[in-house]
Amino acid sequence: MTPPRYALVDGNNFYVSCERVFAPRLEGRPVIVLSNNDGCAVARSEEAKALGIRMGQPGFEVRGLLQRANGVMLSSNYSLYADMSRRMMAVIAGFAPEQEIYSIDECFLRFAGFDHWDLEAHARRLRKQVRQWTGLPVGVGIGPTKTLAKLANRLAKKHPDYRSIGVCSLDALAPSQQEGYFAEVAVEDIWGVGSRWGAKLRALGIASALELKQAEPSLIRRRFGVVMERTLRELNGLACLSLEAAPPPKQQIIASRSFGQLVTDRTAILEATATYAAMAGERLRRERQASGALQVFLGTNPFLSKEPQYHPAALVPLSPPTDDTARLIRAAKAGVAAIWRAGFRYKKAGVMLLELAPADQRQGLLFAGPEEDHAERRSRLMEVVDGLNARMGRGAVRFAAEGLEQAWRMRRDKLTPAYTTGWASLPVAS
DNA sequence: TCTGGGGTCCTAGGACCC
DNA sequence: TCTGGGGTCCTAGGACCC
């Protein structure tokens with residue numbers, strides 16, 4: 001029996017593709033989707049890439065270019081992408097016994113005991129099905145390890161030999177053919193090699209996937225550590241990374257945002273951090289965890305180098321650990337009280353929940369205060385709040401501390417409708 | 001005017017202990 | 001002439017991912 005095969009399936013230009021499903025006017029034009037606060041490009045259509053717009057490039061830098069090319073700039077519509085992702089992942093799940101959802105637009109599949117299958121043909125059917133049922137284009141790469149599946153996926157999407165098919169299986173290639181392709185892949189395009197390591201590898205004369213594959217493992221281990229050595233071994237077909245079908249419990253939860261405008265007002269900071277504490281709390285309860293410590297952090301705008309900079313943080317212990325938004329907000333306020341200073345223009349604030357542990361294994365207190373006596377009622381209250389917000393939209397029910405006006409909220413000037421998750425925004429076919 | 005947010009893992013070094 | 005060695009825990013920083 002041959003060893004298992006891995007596939008990596010991912011959505012092409014995922015956020016842009018999600019938008020295009022519901023807005024045919026975006027077809028054939030340069031389109032970019034901006035990060036939160038309408039900051040930088042996080043997704044680009046092929047036409048936008050052809051214009052030279054880079055990943056992470058600030059929106060204001062490309063506005064003119066995009067306008068001249070009849071292009072479109074959109075705010076990110078995260079609830080739309082999350083919903084489209086769920087649909088896409090569900091369709092893909094029907095094609096393999098094991099699936100690891102790796103990010104909003106990618107998943108790994110593992111095929112063990114599929115010796116007599118034509119996985120490439122299988123992947124083509126998968127691709128067609130996803131397109132038909134969700135409207136989303138995906139690419140598929142297949143290989144004996146996750147790293148090789150990633151590399152094959154890259155070929156499937158970028159290489160002229162594969163682009164039109166959208167599927168690439170390394171198994172279909174003779175070793176010499178594989179080497180030819182590997183030689184064409186830049187070393188920083190390998191999964192696990194970023195720009196820093198890429199530069200260091202190049203300094204050692206290792207510039208392509210082929211050269212890393214053929215490098216001396218002990219040298220790589222010594223200079224780059226165990227992670228890179230694993231990458232090297234995976235490139236050589238030795239599976240070092242397993243499929244994680246069930247996501248491990250989170251170790252920390254972060255909720256943070258940049259402000260729409262610079263903030264000098266203490267009340268605004270308090271409202272914002274209360275809002276982030278509530279967001280983090282909601283995620284915490286969804287994970288069925290409780291937090292033993294909360295950290296609040298603030299920051300000025302590091303791009304304004306002439307302004308005084310201040311990036312404080314405060315850690316507030318939560319004893320006993322909690323998943324109650326009211327307590328998280330109280331802790332966040334205490335944190336802000338400790339670090340807030342007048343005279344700075346703040347750009348960003350956030351809340352981190354740390355020391356997470358399963359909510360049902362919380363250690364009892366020897367001397368329980370009135371707080372604990374109410375724990376049962378509190379957790380029922382939070383359930384109701386979460387339920388209402390899930391049904392009626394985030395913020396339908398919220399704590400007064402989060403503020404009403406929320407003038408500090410991030411910019412989302414170019415937001416598309418909630419096509420799939422809001423009744424009022426359902427597209428109408430006529 | 002204008003530059004995101006949310007995560008993980010590894011390593012080195014210091015403190016502390018025996 | 002000449003200052004041990006090893007283990008654990010914690011933290012900060014650096015790298016990576018999407």
>> Restricting to the stretch A:22-66, count the residues that are within 14 Å of DNA strand B (Cβ to nearest atom), surrounded by fewer than 20 Cβ atoms within 10 Å (Cβ to Cβ) and among the basic types (Lys, Arg).
In response: 2
> Is at least one residue of the stretch A:125-148 surrounded by fewer than 22 Cβ atoms within 10 Å (Cβ to Cβ) and either polar (S, T, N, Q) or under 17 Å from the mean Cα position of the chain (by Cα) (or both)?
Replying inline: yes
> Mind checking which residues of the stretch A:246-277 are in a loop (DSSP other than H, G, I, E, B) and more than 8 Å from DNA strand B (Cβ to nearest atom)?
Replying inline: A:Ala246, A:Pro247, A:Thr264, A:Asp265
> Which pairs do you get when a residue that is closer than 19 Å to A:Lys333 by Cβ, found in the stretch A:397-412, comes within reach of a residue that is among the polar types (S, T, N, Q), reach meaning Cβ atoms under 6 angstrom, with the pair 6+ apart or on two chains?
Replying inline: A:Glu402/A:Thr275
> With the stretch A:190-230 as the region, which helices (runs of 4 or more DSSP H) entirely inside it contain at least 1 residues that are away from DNA strand C (no atom under 13 Å from the Cβ)?
Replying inline: A:209-213, A:217-224
> Name the pairs: first residue in the stretch A:8-20 and under 19 Å from A:Val72 (Cβ atoms) and in a helix (DSSP H, G or I), second residue at pLDDT below 95 and not acidic (Asp, Glu), Cβ to Cβ under 8 Å, at least 6 apart or on different chains?
Replying inline: A:Glu19/A:Thr416
>> Which count do you get for residues in the stretch A:213-245 that are away from DNA strand B (no atom under 13 Å from the Cβ) and within 23 Å of the chain's Cα centre (by Cα)?
In response: 2
> Among all residue pairs at least 6 apart or on different chains, which show Cβ distances below 6 Å where the first residue, located in the stretch A:317-334, is without any contact (Cβ under 8 Å) to a residue 40 or more places away in the chain and under 14 Å from A:Ala280 (Cβ atoms) and the second is crowded, with 21+ Cβ neighbours inside 10 Å and among the hydroxyl-bearing types (Ser, Thr, Tyr)?
Replying inline: A:Leu318/A:Ser291
> Do we have A:Lys128 as in a helix (DSSP H, G or I), over 18 Å from A:Val185 (Cα atoms) and modelled with pLDDT of 95 or more here?
Replying inline: yes
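Can you find a residue in the stretch A:303-313 that is under 29 Å from A:Arg285 (Cα atoms) and either in a helix (DSSP H, G or I) or charged (D, E, K, R) (or both)? Even if it seems obvious, please write down each step before you answer.
First, the residues of the stretch A:303-313 that are under 29 Å from A:Arg285 (Cα atoms): A:311-313.
When the remaining residues are screened for being either in a helix (DSSP H, G or I) or charged (D, E, K, R) (or both), the result is none.
No - not one qualifying residue is present in the stretch A:303-313.
The values are calculated or read from the model by the stated rules, or taken from the named source; none is laboratory data. Here the structure is a predicted model, which is why all the values come from computation and not from measurement. Methodologically, a virtual Cβ is constructed for each residue, glycine included, from the backbone with ideal geometry; neighbour enumeration extends over all protein chains shown.
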